[in-house]
Amino acid sequence: MATEAGDGELAATLRRIERAAGTLASASVTRMDETLPWFRDLPAEQRSWVMLVAQAGVRSLVEWLRSLPSGGDRDGADAVTDTPDEVFAAAPRALARSISLQQTVALIKVTIDVVEEQVPHLAAPGEERLLHEAVLKFSREIAFAAARVYARAAESRGAWDARLQALLVDALLRGDSPDVLASRAAALGWSDAPPVAVAVGRSPGGEVAAVLHTIYRVTRRLGLEMIGGVHGDRLVLVLGGTADPLDATAKMLAGFGPGPVVVGPAVPSLDAATDSARAALAGFRAAPAWPAAPRPVAAADLLPERALAGDPEARRSLRQDVYAALVRAGGELLETLDAFFAAGGVLESAARALFVHPNTVRYRLRRVADVTGFSPFTARDAFALRMALTIGRLDPSPPVGPGLGH
């Protein structure tokens, strides 16, 4: 049976290391202060945490050396214990958020360098080589332990961020107060870069963190702000800092599942993003009615389908921004538009019905496009105009005339 190092091999060395533990930890922190400029700038509390970790590291080295077999394969699995993982338990989890993995590796290297320099003084006669090899192997285990600590911290932080994002997106969809939106966005480090827009599509499925990571890679490359969440089978993205949300969303299509992707209108800030979210969601629900819709498609391009699906904002927009605008512009535009639709879109037939020259009809229809933003000569726009006429005439409110407002 193999004897433990504490009972035989390296026993004298272990006793020396135990007696020198405090001195080694202090020397390591002093070396960090001398060689690492960023370490000198750390707050006193965080420097004390590093001191605790250094002391725990020396104690862990002793325990690890005791666990080594006195002979045989020192590279085998028997030489590895969970002791190195316990080193980082000496400091609060906040240390992993304050000091990066790269900086932690630098701290470990300094500590190992100090211990290696002291090997001639720490090792009992004849045990110098054994101690030097053991320290090198222990440093490898410590490095792996640090990687595990930061990996767990990253997973925990990622899961927490995903929950916060889901809560923020849910608050947007519910239309919560701006204060609620602002507090949750601040917790996520959101920089309210205008304009802000919301995009909605089908989720590709799988882990939410993985779904959002695909989108994050694109937004980082584009220099945009992004908060996302998966609600049921829908992927909802809040985009900030993009002058053209439709174009930005087009670059993220790989992160969506199959089906339509709808982009709400750009708004000045996150406070107003509820309006963009509502339009995008309404458009997503209505998008199947337009199979040939582009991908992505603007929610404003789905006004007729949204109105048919019962979206009150789409009905309001068609009534007030389109029908009322035509009424205010003068009755001849409505009359010409009715004649044009009744003639099946044939300019000459509409002109005969109105007893005017075809050029007059053409001019008036161009005026319709100028006034409403929809051209009667385009099939999609003509559909929206016909919906606007129908909704405007069915509305129970009094007709809107020139100078009467909405």
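The values are calculated or read from the model by the stated rules, or taken from the named source; none is laboratory data. None of these values were measured; they are calculated from a predicted model. No Cβ is skipped: glycine too gets one built from the backbone with ideal geometry, and neighbour counts run over all protein chains shown. Calculation scope for accessible area: heavy atoms of the full protein, side chains included, ligands and nucleic acids excluded. Shrake-Rupley method; radii C 1.70, N 1.55, O 1.52, S 1.80 Å.
Structure data summary
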read-out	value
Full-extension gain in nm, GLN103 to THR30, via 0.36 nm per residue minus C-alpha separation	24.7 nm
Highest-first arrangement of 203-214, 269-280, 318-329, where packing means the average Cβ count within 10 Å	269-280, 318-329, 203-214
Modelled FRET efficiency - R0 30 Å, GLU116 with LYS251, Cβ distances, 0.05 increments	0.05
Probe 1.4 Å, protein heavy atoms only - accessible area per residue of the range 252-393 in square angstrom	44 Å²
Gain in span if fully extended, ALA342 to THR378, counting 0.36 nm per residue against the direct Cα distance	11.4 nm
In the range 360-391, the trypsin sites (Lys or Arg not before Pro) that fall in loop regions by DSSP, at most 11 other Cβ within 10 Å	none
Calculated FRET value between THR23 and ARG148, using beta carbons and R₀ = 25 Å, to 0.05	0.30
ARG174 paired with SER48, simple spin-label distance in nm, labels 7 Å along Cα-to-beta-carbon	4.1 nm
The range 128-143 - phi-based ³J(HN,Hα) in whole Hz, Karplus 6.51/-1.76/1.60, Gly and Pro as x	4, 5, 4, 5, 4, 5, 5, 5, 4, 5, 5, 4, 5, 5, 5, 4
Label-point separation, THR390 to HIS231 (7 Å along Cα→Cβ), nm	2.8 nm
Debye log10 I(q)/I(0) for the range 276-406, one point scatterer per Cα, at q = 0.09, 0.20 Å⁻¹	-0.27, -1.12
Backbone HN-Hα couplings from phi across the range 354-360 [Karplus 6.51/-1.76/1.60, Hz, Gly and Pro as x]	9, 6, 9, 6, x, 5, 5
Rounded percent of accessible protein surface that carbon and sulfur make up, the range 307-375, 1.4 Å probe	50 percent
Derived scalar couplings ³J(HN,Hα) [the range 377-393; Karplus, 6.51 cos²θ - 1.76 cosθ + 1.60; whole Hz; x for Gly, Pro]	7, 9, 4, 5, 5, 4, 4, 5, 5, 5, 5, 5, 4, 5, 5, x, 7
Amide H partners (placed H, <5 Å) of HIS231, local residues excluded	VAL236
